[in-house]
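Heads up, the thing below is written out as structure tokens.
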Protein chains: 2
Amino acid sequence: MSCLTLPLGLPLEDIPELHESQMFTLLRKGDALFKQGMPFTGLFLVRSGSLKQVSTTSTDESLVTAYAMPGDLVGLDAIGQNAYPGTTLALETTTVSVLPQERLSELGAQLPALRQQLCRNLSQEVHNERLMLRLLLRRTAEARLAYFFVAMSERFRRRGYSPLRFRLALSRIDIGSYLGLTVETVSRTLARFHKQELLRSSGRDFHILDLEALSRLAEASGRRGGA
Amino acid sequence: MSCLTLPLGLPLEDIPELHESQMFTLLRKGDALFKQGMPFTGLFLVRSGSLKQVSTTSTDESLVTAYAMPGDLVGLDAIGQNAYPGTTLALETTTVSVLPQERLSELGAQLPALRQQLCRNLSQEVHNERLMLRLLLRRTAEARLAYFFVAMSERFRRRGYSPLRFRLALSRIDIGSYLGLTVETVSRTLARFHKQELLRSSGRDFHILDLEALSRLAEASGRRGGA
DNA sequence: CGACCTTTTGACCTTCGTCAACCTTAGTGG
DNA sequence: CCACTAAGGTTGACGAAGGTCAAAAGGTCG
């Protein structure tokens, strides 16, 4: 879904911390990696499991704003205000590697390429989010969900997992929150997908039957609103 | 609306190019500052007038994705893919200062603070857009528009202009596109605001009568979808 | 002045949020 | 191991918000 948490271009191989296996942190389901508002202390690389970021707005709404899976870098959006902009919770048993801020600064000084890549990733992400969300803004529930699963599929594919069968630790409530829909609508739409033989879901396991058609749905159906 | 185009923290004072008055580029209404897909050549600082960024998606929809007014920095979202992600058009007679890429690199090397600030602005922006749009995703047309005008008001205020009376060169179509609404809905909602004595609009001139109430509207009315 | 665009207003109909009931899964303690 | 509970998920009925279509009224520019 988001390139922020998918920094494929980053020369992460150059960072020993992230590849030496002893420095893992273990989280159990429901544990917080960090809480909203905590001062920025560093970035995290997800090794196994998955997490969701929940941001609580000034009006006390909590929104799921990101989903991180193995290989994703978590915490980049904290750099701006030097604090984590949302609470990040483990959705299952999860391990992460830590990249402390000091080390990040050092590395930034040593490797200009890293800094540059980081900037690029951020810039890219700004545009992605803008476009994606503005697109979602004028899409039906059907298209939003189709888009969501196509994006997830792509994400799994890039990691070398099956793009057609995967498990999402997110609840329907979380998915709804992420897409701006109610649980009921998510549920009903998934039922429709099932009936149309597009996507079969059982609990948190998903099986895409017709990626082509889903992609078309994601792009096609929408409300108007030219420029 | 967006902090990307409002980089108040940037030490722009240190960049002579942006403050020597001879280096202006003049654009007439409808002129493109750059077109979508063009390779990144530099950033622009808006001196007078205003511009809109229009991004055309793979499905041929054009979405207004940003609005730039005097003081805004334009082009930051091009750094990621080394190309401008949208066409930027002058909405009226507009002047901009140019900050070419080479100069930007030089400056980045000389002033680490600049680079850092740039990164921070980008990171901040990622989070802002995420939150803002995800919030809009679950808001009624009324709340979206209220939010839009409150944000605009704030933006004018910061620049030293009146936060209650201002002119937006955007058409209703553009505003609709920006917020994911149809023209008709924008028009009808503005009519309602007028009737409720919240916001008076005549053409492209806007006069906020009750900022308090608008803010409340922006936050309150919404659909559900917890986390 | 006339062509064209933007804006407004009305009538209609779809989508999806809301409320409510019910079912299923997972976790707990006897 | 099973009963109980709670959370998550599904399904139906209903209504409101807003998209769609249509038409008319301003505005703007040639």
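The values are calculated or read from the model by the stated rules, or taken from the named source; none is laboratory data. In this text the structure is predicted, and so the values were computed from the model without any measurement. We place every Cβ from the backbone using ideal geometry, glycine too, and count neighbours over all the protein chains shown.
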- [ ] Among the candidates A:107, A:135, single out the residue that is of a type in the set (A, V, I, L, M, F, W, C), out of contact with any Phe, Trp or Tyr (no Cβ under 9 Å at 6 or more places or on another chain) and within 28 Å of residue B:120 (Cβ to Cβ).
- [x] A:107
- [ ] For the range B:107-138, enumerate the residues that are touching a residue at least 24 places away in the same chain (Cβ under 8 Å) and either in contact with a helix residue (DSSP H, G or I) (Cβ under 7 Å, 6 or more places away or on another chain) or more than 27 Å from residue B:219 (Cβ to Cβ) (or both).
- [x] B:107, B:111, B:113, B:114, B:117, B:118, B:122, B:125, B:129, B:136
Open item on the list: If residue A:191 satisfies all but one of (1) more than 12 Å from DNA strand C (Cβ to nearest atom); (2) modelled with pLDDT of 95 or more; (3) crowded, with 18+ Cβ neighbours inside 10 Å, what's the number of the condition it fails?
Closed with: (3)
Task: Close pairs (6 angstrom Cβ cut-off, 6 or more residues apart or separate chains): in contact (Cβ under 8 Å) with a residue 24 or more places away in the chain in the range A:176-193, among the polar types (S, T, N, Q) and more than 6 Å from DNA strand C (Cβ to nearest atom) anywhere - done: A:190/A:201
Open item on the list: Quick check on my filter: what residues within the range B:48-89 are more than 10 Å from chain A (Cβ to nearest Cβ) and of a type in the set (Ser, Thr, Tyr)?
Closed with: B:48, B:50, B:67, B:88
Task: Hits in the range A:147-188 - residues which are in a strand (DSSP E or B) and either within 14 Å of another protein chain (Cβ to nearest Cβ) or away from DNA strand C (no atom under 12 Å from the Cβ) (or both) - done: A:165, A:166
Open item on the list: Condition (residue is touching a strand residue (DSSP E or B) at 6+ places or on another chain (Cβ under 7 Å) and either not basic (Lys, Arg) or not in a helix (DSSP H, G or I) (or both)) applied to the range A:122-133: is it met by at least one residue?
Closed with: yes
Task: Failed item, numbered, when residue A:97 is tested on (1) assigned to a strand (DSSP E or B); (2) at the interface with chain B (Cβ under 8 Å from one of its Cβ atoms); (3) small (Gly, Ala, Ser) - done: (2)
- [ ] For the range A:218-227, state whether one or more residues are part of a helix (DSSP H, G or I) and either aromatic (Phe, Trp, Tyr) or within 12 Å of DNA strand D (Cβ to nearest atom) (or both).
- [x] no
Task: Selection within the range A:166-216 - more than 9 Å from DNA strand D (Cβ to nearest atom) and among the small types (Gly, Ala, Ser) - done: A:169, A:177, A:180, A:213, A:215
TODO: Taking residue A:112 as the residue in question, decide whether it is within 14 Å of another protein chain (Cβ to nearest Cβ) and surrounded by fewer than 20 Cβ atoms within 10 Å (Cβ to Cβ).
DONE: yes
